[in-house]
Amino acid sequence: MIPTEIIHQKKLGKSLDTKELRKFLDAYHEGDVTDYQMSAFLMAVCLNGMNFEETYTLMDTMLQSGNKLAWPELEEGAVGDKHSTGGIGDKTSFLILPMCISEGVKMPMMAGRGLGHTGGTIDKIESLSGVQTRVGEHTAKKWMQEIGGMLLGQSTEIAPLDYRLYHLRDVTATVESIPLITASILSKKIAEGLKHLVMDVKTGSGAFLAKTSEAQEFAKIAKEVGLRAGLNVSCAITNMDEPLGRNAGNAVELAEVLELLEGNIGFAPDTYELSLELSAKLVQMCKPDRNLDEIKQTIRTKTDSGEHLECFRKLFANQGVSLVELDQLKEKLSKLKQKPLIAQSSGFIESWNTRSLGLAILALGGGRKKADESIDHWVGLTEIKKVGEEVHKGETLCMVSYRDDATLGDAMKILSTSCSLSSAKQSPKPLIHEWI
Ligand code: URA
């Protein structure tokens, strides 16, 4: 196997032999192919794609590069998870965990850090100090039995090849690729020992798969790769032509989650409804005897009664979060410096360039521009106006929480062209376009 020849073949758009591709990937994992060679390869894949066999081989090589979890002590078929392809303001994991655990689903949720312009669940939870998201198998099993789930960060033990490629793609503009996203997500999810996976496949201006046709193609391939590996996958194609909810960033998203779990659904009904739909689907996949409408009704009742908030607090406390710190989160956020993004004319919100919002958060320091950079968890956007809402010239489109004036200037420049207004009221796009 000659690395440059593999890169050259992909550059020409040719399909790679399964054995050669596996050797190339293994050589990278073992340090015999360099980061710069792999970056060139990833760019060639972004530009020229991979066929199904290559995609499966990439996924399987990532999977085999580490350990696999198994849950023989748990009810057969009850282990499930949800994963998103990435968006802005996408905090549904924090709602889906308590919603599904309360219905008896066992969730060893493995989440990532921010990728490209999108946020990551692990960065969000790490807004709070002391969080433990890397645990050994013994502890994971104990938590699954005692609590019913957990939030795990990817370690060097689970799909370590994906771990390295994920970080490399993040800083080489090689995220947007159907085979790379498919292999990355499914290798981790299959390694988790799941039977069922709900995928939130985002499409629109803030998504990696911006066109609906790309999201649909991704969903079909993800289902097929899952099927071959024994994982039951359902994909919701969901709207990312505006951020989800009112807040986008890290700690500010946790604040939105708390509002919703405390029963203030009106704060961000879209975040709640999407979490509910994805949860209900996963519960039904794990418990096929249950009726979807009945599951949704039960979930709503349990949010109203405070059961989900209690489960969320238990989960967080179990992972090392101080509940006193959690209770002080909203107060701490209210002390940050804030500046409004002002509407320059009157009208109705037509759309957001959602990717720009992610880039503005990056500019504020809320995401990484280089691998392993530390981030400022407290900066972000709040009070984001939603599509269809009316604003008058001089009113606020969103609030920007920031730490220093230099980063604020860059963020405001990006944000200045991020919102389109129209003279007629627009209806928001459906949260879920379709299920595949
Ligand atoms: N989430 C992942 O885990 N990997 C990707 O490539 C994109 C989103």
Go through the residues of the stretch 32-50 one by one and say whether even a single one is more than 15 Å from the ligand (Cβ to nearest atom) and within 21 Å of the chain's Cα centre (by Cα). no
If a residue must be in contact with a strand residue (DSSP E or B) (Cβ under 9 Å, 6 or more places away or on another chain), hydrophobic (A, V, I, L, M, F, W, C) and within 28 Å of Asp405 (Cβ to Cβ), how many such residues does the stretch 315-345 contain? 5
Which condition breaks for Leu359 when tested against (1) open to solvent by 40 Å² or more (accessible area, probe 1.4 Å); (2) part of a loop (DSSP other than H, G, I, E, B)? (2)
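Gln216: in contact with a strand residue (DSSP E or B) (Cβ under 7 Å, 6 or more places away or on another chain) and touching a residue at least 12 places away in the same chain (Cβ under 8 Å), yes or no?
Numbers: in contact with a strand residue (DSSP E or B) (Cβ under 7 Å, 6 or more places away or on another chain): yes; touching a residue at least 12 places away in the same chain (Cβ under 8 Å): yes.
Answer is yes for this residue.
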Pairs returned, first residue in the stretch 309-324 that is of a type in the set (Phe, Trp, Tyr), second residue that is not in a loop (DSSP other than H, G, I, E, B), beta-carbon separation under 7 angstrom, 6 or more apart or interchain, are Phe312/Phe94; Phe312/Pro98; Phe312/Leu261; Phe316/Leu326
Which pairs have Cβ atoms under 7 Å, sit 6 or more apart or on different chains, and link a residue in the stretch 102-119 that is farther than 22 Å from Lys202 by Cα and away from the ligand (no atom under 16 Å from the Cβ) to one that is among the small types (Gly, Ala, Ser) and at pLDDT 90 or above? Gly104/Ala78; Val105/Ala78; Val105/Gly80; Lys106/Ala78; Lys106/Gly148; Lys106/Gly149
In this structure, is Asp162 acidic (Asp, Glu), open to solvent by 10 Å² or more (accessible area, probe 1.4 Å) and within 12 Å of the ligand (Cβ to nearest atom)? no
When every residue in the stretch 167-176 that is of a type outside the set (A, V, I, L, M) and out of contact with any Lys or Arg (no Cβ under 8 Å at 6 or more places or on another chain) is compared, the one farthest from the ligand (Cβ to nearest atom) is Thr172
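Collect the residues in the stretch 30-55 that are among the charged types (D, E, K, R) and open to solvent by 40 Å² or more (accessible area, probe 1.4 Å), keeping them in residue-number order. Outline the logic, then answer.
So in the stretch 30-55, the residues among the charged types (D, E, K, R) come out as 30, 32, 35, 53-54.
Across the stretch 30-55, the qualifying residues are Glu30, Asp32, Asp35, Glu53.
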Of all residues being under 18 Å from Glu103 (Cα atoms) and within 16 Å of the ligand (Cβ to nearest atom) in the stretch 72-88, which is surrounded by the most Cβ atoms within 10 Å (Cβ to Cβ)? Just the residue, please. Asp81
For the stretch 186-216, name all the residues that are within 10 Å of the ligand (Cβ to nearest atom) and open to solvent by 10 Å² or more (accessible area, probe 1.4 Å). Phe208
Give me the pairs: first residue in the stretch 124-136 and over 17 Å from Val324 (Cα atoms), second residue assigned to a loop (DSSP other than H, G, I, E, B), beta-carbon distance under 8 Å, and six or more apart or on different chains, which are they? Lys124/Lys91; Lys124/Asn250; Lys124/His377; Thr133/Glu126; Thr133/Gln319; Arg134/Ser155
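The values are calculated or read from the model by the stated rules, or taken from the named source; none is laboratory data. These numbers were taken from a predicted model, which means no experiment stands behind them. Cβ coordinates were reconstructed from backbone atoms using ideal geometry, including for glycine residues, and neighbour counts include every protein chain displayed. Note: areas computed on protein heavy atoms with side chains; ligands, DNA, RNA excluded. Shrake-Rupley method; radii C 1.70, N 1.55, O 1.52, S 1.80 Å.
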